[in-house]
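In what follows, a single structure is set out as structure tokens and then discussed.
The values are calculated or read from the model by the stated rules, or taken from the named source; none is laboratory data. Just so we're clear, the structure is a prediction, and the values are computed from it rather than from any experiment. Reconstructed Cβ throughout: ideal geometry from the backbone, glycine too, with neighbour counts over all protein chains shown. For accessibility, only protein heavy atoms count, side chains too; no ligands or nucleic acids. Shrake-Rupley method; radii C 1.70, N 1.55, O 1.52, S 1.80 Å.
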Amino acid sequence: MLWLSLLTAASALRFVVATPVAKFGDFAVKHAWAESPQGWELHSDAPADHILSLRIGLKQSRIEELKAHLLEVSDPFHSRYGQHLSKEEVEDFVKPRPESVELVESWLIAHGIDPESAITRSPAGDWLNLRVPVSLVEKMLDTKYNVFRHRESENLVVRTMSYSLPRELHDHVQVITPTTMFGGLRGMKKTSFLNPKPAPESLVEGTPFAGQAGQAVPTSCNNAVTTSCLQALYGTTNYVPTATANNSIGIAGYLEEFANAADLQTFLKKFRPAAAGATFPVVEINGGLNTQSDPGVEANLDIQTTVGLTFPTPNTYFSTGGSPPFIADSNTPTDTNEPYDQWVAFILAQTHIPGVISTSYGDDEQTVPLDFAESVCNSFAQVGARGTSLLFSSGDDGVGAGNCLTNDGTNKKLFQPNFPASCPFVTTVGGTTKVNPEVAVSFSGGGFSRVFAQPSYQASAVKTFLTALGKTNAGLFNTTGRAYPDVAAQGNNFQIVVGGSIESVGGTSASCPTVSSVIALLNDFRLSNGKSTLGFLNPLLYANPSALNDITSGSNPGCGTNGFTARAGWDPVTGLGSPNFAKLQTVALAAP
């Protein structure tokens, strides 16, 4: 049950005798919006006594060194390939400098907050967590909090259009939340949708064609994608996992969605009988739900895809909610903290984490504050350094939805990349459709980040694409930005069970757990051969493009344009292509 602490400011915090606030100099803006993020509108003033769960991210002392280590252990040509870092080693890289801790604590004391009793800290000490009333946070951040309403969902959040810090703190604080990040739970976009059910005549089995490793792919897979379709198409039908004691796959869930156990059993009996009876644990993070009533299409799609493809590999569903919990009423907004932030903080605090984690959610990159995006992306780098592959769906809007106008006050028309798809430390998955041949699906998200620079591991592949593209779409995207997707897989007409009935579902939300499942099987293969998990995938994939099935037709229109077109080699529609398990096995085994 959600609840709202009605504690007064005095009881929410333990106060100490304050150092004069005047000790700190002038405020300087940390982040500000020119206008309300798309979809949000001002509703009312935030109640002064409303309690925020404030998270202060301190600058991480050696984060650039950690990134360098990540690229070394992910580079198949480097002698350190596969030598992933331990939890303790990662924490040593990201712990803040002592002077940062001292200065921030002094600032908190200046506002009457006792760092010893009022704060909890992350294992590395780079995150400080405290509960503070709006009235005090407004003084600390020289800002005004308001209640904002999301036009479509009608949910309410407490956020600010800008926040500032004393100039002395800017070199020591990376980000503070919740402030200007409006994505939240309800504002996030899940990347799946229901399709009309296929007509019976379209499911009649025609002459199968030979898929990978001679595995026959029924022509009905053009209209109804099942577990057996995916196994045959990507060549995993005959692979039986054996390293199940050491290997696992995780699914990150948001939007108060959870996977239904009864629906999974119905699905398995219909589409993967050998796996019938398989179960999965649910880990609830920050109020995540698992009531087993009103199951989510997204969550069911994810877990049914991964269990069907990876059985008997252990699967875990992470159900992430918002924080702090409360009872909403006519005066109390439905407030949440940023879910990616909460989820990755939980994952990094665990001693053991799955070798691959699939996430099928995202936001328009331009709606994510720069300081928040950088902080979350750096956290993903930490997960990768520990040997976990993070995969995200690329989105279902092609190169962008709607009028694609920028939100910086200039209203310039530009292609709209997605986040976290644009983070250079995750593997982003686009969508395909049909089976002979496989082609790009029109909604496959793809493009170029306007926040993150293009990483070296993909520079050559992207240069080849841009040279062939010429001046098409010139000026509508950042040619030097992180380009995505990296890979692709089937993303339409997936047959799943929701509420006991078979539904047809589409979206890169289907593509992402599909590729994640193939990676889980490759991890099993490596572990069975005495090697480590693959970890961060992209350097390995871009170094071995022939290990994927190149998709050379189809496009991803959006923003009133034809978008990009798939072609030989990497492209921002289907990336390097779809998985070829046999070839990827060879690559995975050859890597040190």
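The table below lists the values:
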read-out: Rounded to the nearest 20 debye, dipole of the range 130-182 from Cβ charges on Lys, Arg, Asp, Glu; value: 140 debye
read-out: Cα principal axis extents for the range 496-592, largest first, Å; value: 49, 41, 20
read-out: Simple spin-label estimate for Ser460 and Ser546 in nanometres, 7 Å along Cα-Cβ; value: 1.3 nm
read-out: Ranked by how many other beta carbons lie within 10 Å on average, peptides 537-549, 376-388, 65-77 from highest; value: 376-388, 537-549, 65-77
read-out: Free-standing Cys residues across the chain, given no other cysteine C-beta under 4.7 angstrom; value: Cys512
read-out: Anchor Lys412: lysines whose Cα lies under 19 Å away (excluding residues fewer than 8 positions away in-chain); value: Lys471
read-out: Efficiency of FRET from Cβ geometry, Ser117 and Thr586, R₀ 51 Å, rounded to 0.05; value: 0.35
read-out: For the range 232-286: span of alpha carbons on each principal axis (Å, largest first); value: 39, 28, 22
read-out: Efficiency of FRET between Ala276 and Asp26 - r from beta-carbon atoms, R0 56 angstrom, step 0.05; value: 0.25
read-out: Label-point separation, Glu64 to Gln350 (7 Å along Cα→Cβ), nm; value: 3.2 nm
read-out: Per residue Cα convex hull volume in Å³ - calculated over the chain; value: 143 Å³
read-out: Volume per residue that the Cα convex hull of the range 458-543 spans, once the total is divided by residue count, Å³; value: 148 Å³
read-out: Two-decimal log10 I(q)/I(0) for the range 520-567, as the Debye equation yields it once each C-alpha is a single scatterer, q = 0.16, 0.32 Å⁻¹; value: -0.66, -1.09
read-out: Extreme residue, positive dipole direction of the range 469-561, given options Ile551, Phe477, Ser501 (C-beta unit charges); value: Phe477
read-out: Dipole magnitude (debye, nearest 20) for the range 249-322, charges at Cβ of Lys, Arg, Asp, Glu; value: 400 debye
read-out: Carbon plus sulfur fraction of accessible area for the chain, probe 1.4 Å, in percent; value: 53 percent
read-out: Gain on full stretching of the segment that runs from Arg151 to Asn473 - 0.36 nm per residue minus C-alpha separation; value: 112.8 nm
read-out: For peptides 421-433, 257-269, 29-41, sequence by mean Cβ density within 10 Å, most packed first; value: 421-433, 257-269, 29-41
read-out: Computed over the chain: relative contact order in percent, which uses C-alpha pairs under 8 Å that are six or more apart; value: 17 percent
read-out: Estimated dipole of the chain in Debye, rounded to 20 [Cβ of Lys and Arg +1, of Asp and Glu -1, Cα centre]; value: 1060 debye
read-out: Distance between the range 491-521 and the range 253-327 - C-alpha centres, whole angstrom; value: 12 Å
